[in-house]
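This report refers to the structure that appears directly beneath it.
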Amino acid sequence: MVRLKGPQWGLVALVAGTPFFLAFLLAAVSPALLEPVFGTVLGGACWLLAALLGLLGGALFAGFLGSLAQVPGFATSRPRQTLGFICAALVSVALCIVPATCLLLAGPALAVRFERGEVETGGERLRTPLDLAQRLRQQVPRVIPNLPRMELR
C-alpha cells in the first residue's frame with residue numbers, strides 16, 4: 001500500500017469512525033437504548049460487530065486510496081481525484097458502513113424482542129413441503145386471485 005497523505009488519513013478516519021459517531025448519537029438521542037446494548041449479549045454483540053465493520057470499512061477505504069495513488073495521472077487531475085475518492089467511499093460505505101448502521105439500529109430492538117419473548121425460536125416445524133406451501137398460501141394477500149389450490153394427498 002502506498003503511503004497516504006494527511007488529508008487522506010483524515011478521510012479514512014472519518015469513514016472508520018462513522019459507526020462510533022452514530023453509536024454515540026443514538027445513545028444521546030435515546031438513553032433507554034443503552035440498556036439493551038449493555039444489558040444483553042445480542043445487543044452488545046451487534047454494536048461490537050458494527051464497530052468492527054466500521055474499522056473494516058476504513059481499512060477498505062485506505063486500500064482503495066492507496067491503489068488510486070498508484071494510477072498514473074491521478075495526482076494531476078482534480079476531477080479524477082474527486083471521482084476516485086467518491087467511488088472508493090461509496091464502495092466502503094455500501095459494503096461496511098450501511099450494514100454497521102443497520103446493526104446499530106436493529107441490534108437493541110431485536111434484543112428487546114428476544115427478552116420479551118416476541119420472537120419465535122423455531123419451535124413449530126413444518127413436516128412436509130405441502131404444509132409449507134399451505135402456510136405460505138394463507139399468508140399471501142388476497143389481492144392475487146389466481147393462485148392454484150393445494151390439495152392434500
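The values are calculated or read from the model by the stated rules, or taken from the named source; none is laboratory data. Values in this document were obtained by computation on a predicted structure and should not be read as measured data. So basically every Cβ, Gly included, is an ideal-geometry build from the backbone, and we count neighbours across all protein chains shown. Only protein heavy atoms, including side chains, enter the accessible area calculation; ligands, DNA and RNA are left aside. Shrake-Rupley method; radii C 1.70, N 1.55, O 1.52, S 1.80 Å.
Which one is most open to solvent (accessible area, probe 1.4 Å), of the residues in region 71-88 that are part of a helix (DSSP H, G or I) and in contact with a helix residue (DSSP H, G or I) (Cβ under 9 Å, 6 or more places away or on another chain)?
We begin by selecting, within region 71-88, every residue part of a helix (DSSP H, G or I); these are 78-88.
Now narrow it down to the ones that are in contact with a helix residue (DSSP H, G or I) (Cβ under 9 Å, 6 or more places away or on another chain): 80-81, 84-85, 87-88.
Details: ARG80: 123, GLN81: 28, GLY84: 11, PHE85: 52, CYS87: 69, ALA88: 5 Å².
If we take residues in region 71-88 being part of a helix (DSSP H, G or I) and in contact with a helix residue (DSSP H, G or I) (Cβ under 9 Å, 6 or more places away or on another chain), then ARG80 is most open to solvent (accessible area, probe 1.4 Å).
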Exercise. Does region 89-96 contain any residue that is crowded, with 20+ Cβ neighbours inside 10 Å and under 30 Å from ARG113 (Cα atoms)?
Worked result: yes
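Just to be sure, is THR82 more than 18 Å from LEU11 (Cα to Cα), of a type outside the set (Gly, Ala, Ser) and modelled with pLDDT of 85 or more?
No, not satisfied.
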